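Everything on this sheet refers to the single structure shown next.
The values are calculated or read from the model by the stated rules, or taken from the named source; none is laboratory data. Keep in mind the model is a prediction, meaning the values are calculated, not measured. Because the Cβ atoms are built from the backbone with ideal geometry, glycine has one as well, and the counts that use them run over all protein chains shown.
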């Protein structure tokens, strides 16, 4: 006879299942919007120079701007964006396995780097840009085959004239922490466009 699930564990499992359903619905709506939009690609230099970072990311999310090709390659997309904050949702899949059958650490790092960098990007005014100078990732738990989606949630800690720092966590819908990381970004003026 199977061991009964305690009520607290059952309610936590039900809450995680409901949250996963919300995540999947949000993802489906975004993918449908992207299918009708610009699609994957690289933003034109003029667009980058005249838009602030938050507006550019919102345009991408709404299908009015190109989505990152790497997201299509590695199964993730921007699902939430706000001032100093960016959230990416990823689908762990066998295509991202390492030789031992686990999700490759580079996949974790790519999701975290995207959330970290885009959180910083939201604070860039028009004509300003950033580049990652340093990234530090800690993998704390393997993503098993039962995990359908994870989210990398990035938040800016500091954004100054020359440097920005941010932190991010990679979590499942049940709150399980799989990895966390930090970044340091160099902030600079975009060089003028060449004639």
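Residues in the range 148-172 that are touching a strand residue (DSSP E or B) at 6+ places or on another chain (Cβ under 8 Å) and either more than 18 Å from residue 81 (Cβ to Cβ) or modelled with pLDDT under 95 (or both): 158, 160, 161, 162, 163, 165, 172.
When residue 158 is tested against (1) surrounded by fewer than 17 Cβ atoms within 10 Å (Cβ to Cβ); (2) touching a residue at least 24 places away in the same chain (Cβ under 8 Å), only condition (2) is not met.
Residue 22 meets all of the listed conditions (1) buried (at least 16 other Cβ atoms within 10 Å of the Cβ); (2) closer than 27 Å to residue 174 by Cα; (3) out of contact with any helix residue (DSSP H, G or I) (no Cβ under 8 Å at 6 or more places or on another chain); (4) free of Cβ contacts under 8 Å to residues at least 60 places away in the same chain but one, namely (1). Counting only helices (runs of 4 or more DSSP H) that sit completely within the range 1-119, those holding 2 or more residues that are farther than 24 Å from residue 166 by Cβ correspond to 7-36, 45-50.
The residues listed here are 190, 123; of these, the one that is surrounded by fewer than 16 Cβ atoms within 10 Å (Cβ to Cβ), more than 26 Å from residue 20 (Cβ to Cβ), touching a helix residue (DSSP H, G or I) at 6+ places or on another chain (Cβ under 7 Å) and touching a residue at least 24 places away in the same chain (Cβ under 8 Å) is 190. Look at (1) within 25 Å of residue 191 (Cβ to Cβ); (2) at pLDDT 90 or above; (3) in contact with a helix residue (DSSP H, G or I) (Cβ under 8 Å, 6 or more places away or on another chain) and you find that residue 55 fails only one, number (3). Condition check: touching a strand residue (DSSP E or B) at 6+ places or on another chain (Cβ under 6 Å), surrounded by fewer than 19 Cβ atoms within 10 Å (Cβ to Cβ), touching a residue at least 12 places away in the same chain (Cβ under 8 Å) and within 16 Å of residue 151 (Cα to Cα). Does residue 105 satisfy that? Criteria met by residue 105. Residues considered: 130, 108. Of these, the only one that is over 16 Å from the mean Cα position of the chain (by Cα) and under 30 Å from residue 51 (Cα atoms) is 130.
From the list 94, 40, 99, 66, the one residue that fits, being surrounded by fewer than 17 Cβ atoms within 10 Å (Cβ to Cβ) and in contact with a strand residue (DSSP E or B) (Cβ under 8 Å, 6 or more places away or on another chain), is 40.
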